[in-house]
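To start, the structure under review is shown below, and the notes come after it.
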Amino acid sequence: MNRIIAALMALILIMTAISAAGCEAKEDPYKGYCTDGELAGGAALQNANAKSVTVSCEGDVVRIRLEFYVGSRMSGGSEEAEASTVPAYKVYRLGYPSRLAVEFNDLEYADFARTETECAGCVQGAFVHRIMEEKKACIYFQLSADPAFKAFASGNVLEIEIKPVAEAEKKKKKNEKPKYQVTANAYDDYCEGKLTADGLTPTLDADKCDVLLISGVMDSDIAAEMFIKDIVDKNISAVQEEWTIIEADKHKLPQYDDTLVYKAAYSQNVLRSTDGNVESAEVLIPDGWYLTQIPKRAGGGALYTKRIKEKDASGDYTGERLYIRNDDGTSEEFMDYGFETIESAEFSPDG
């Protein structure tokens with residue numbers, strides 16, 4: 001009997017040991033990282049300048065280094081120097097598509113944005129968003145995966161460490177209904193304060209060249225249509241044709257559709273005043289800015305400027321070029337030369 005009891009006790013001890021080993025908690029790979037909510041820090045800093053941003057990668061961990069100065073010679077200032085601290089900030093993440101936002105209540109300059117930020121790891125690109133005439137600014141880092149992140153400041157440097165969060169494989173359920181989002185080619189109006197709407201945030205497009213506005217996820221296309229209607233009704237500058245409904249995709253960037261610019265231009269009611277009488281006029285140049293008429297002796301037609309995007313050795317270049325709209329309705333380039341901006345143009349009397 002004693003032998004049976006002893007054997008049972010030994011068996012129980014073995015089973016307990018096996019059970020304990022099986023239940024041993026796995027180490028959290030994101031321990032010390034933030035996966036929800038926000039991180040905040042920094043201090044008040046006048047004339048803050050995000051001087052440089054560098055992105056590096058070691059394994060699957062990405063490190064973003066932001067260096068801050070006071071003042072900016074690039075922006076016409078006479079002095080600039082290393083800051084004594086990092087300006088007050090908060091870091092948080094956004095989804096659909098995945099982005100990491102670094103927000104500042106007072107950021108006067110962003111010199112780093114004048115050159116292209118090198119990408120690494122899950123970081124696909126970066127851009128600065130600010131509302132005109134406001135000092136509040138946000139630097140967005142476009143990501144290919146949801147991030148776990150941590151941030152720490154030392155002197156004039158803010159370092160952010162990102163670790164991509166592994167996703168559990170999810171099988172699509174049969175008859176699962178898609179979700180929807182709204183995108184818009186209206187980022188400039190948004191930055192100029194002409195467009196206000198809750199639930200819109202900026203994101204890079206699929207080519208990572210343009211910035212679009214994107215809404216949160218909606219359960220139906222009807223909800224998305226109502227969202228657009230509400231924005232158009234409340235914002236005089238909003239044009240229905242600039243807004244698109246897409247199926248929500250967690251990591252797929254929205255496609256920029258340049259044809260929407262033409263549709264939006266042609267949909268607007270252009271008015272002109274003749275002797276005090278207002279009448280409708282047709283859109284002459286939907287993607288350009290009229291400058292002046294060309295004298296008949298120089299060929300006739302209209303001279304206009306058009307925004308263009310090109311690539312050179314340093315990356316993407318945005319500027320303007322001069323074009324002619326001929327009397328027969330065709331257009332052609334006036335000269336093979338680009339300008340940063342074109343404010344006005346005139347012809348001499350002799351053409």
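Laboratory data are not the source of any read-out in this text; all were calculated from the coordinates shown. This structure is a prediction, so every number in the text was calculated from the model and none was measured. Note that we place each Cβ from the backbone using ideal geometry, even for glycine, and neighbour counts take in every protein chain shown.
Quick rundown of the values:
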read-out: Length gained when the stretch residue 235-residue 206 is fully extended (0.36 nm per residue, less Cα-Cα span); value: 7.8 nm
read-out: Neighbour-count order for 180, 337, fewest beta carbons within 10 angstrom listed first; value: 337, 180
read-out: Likely footprinting exposure, 330, 203, 85, 35, fewest C-beta neighbours within 10 Å first; value: 330, 35, 85, 203
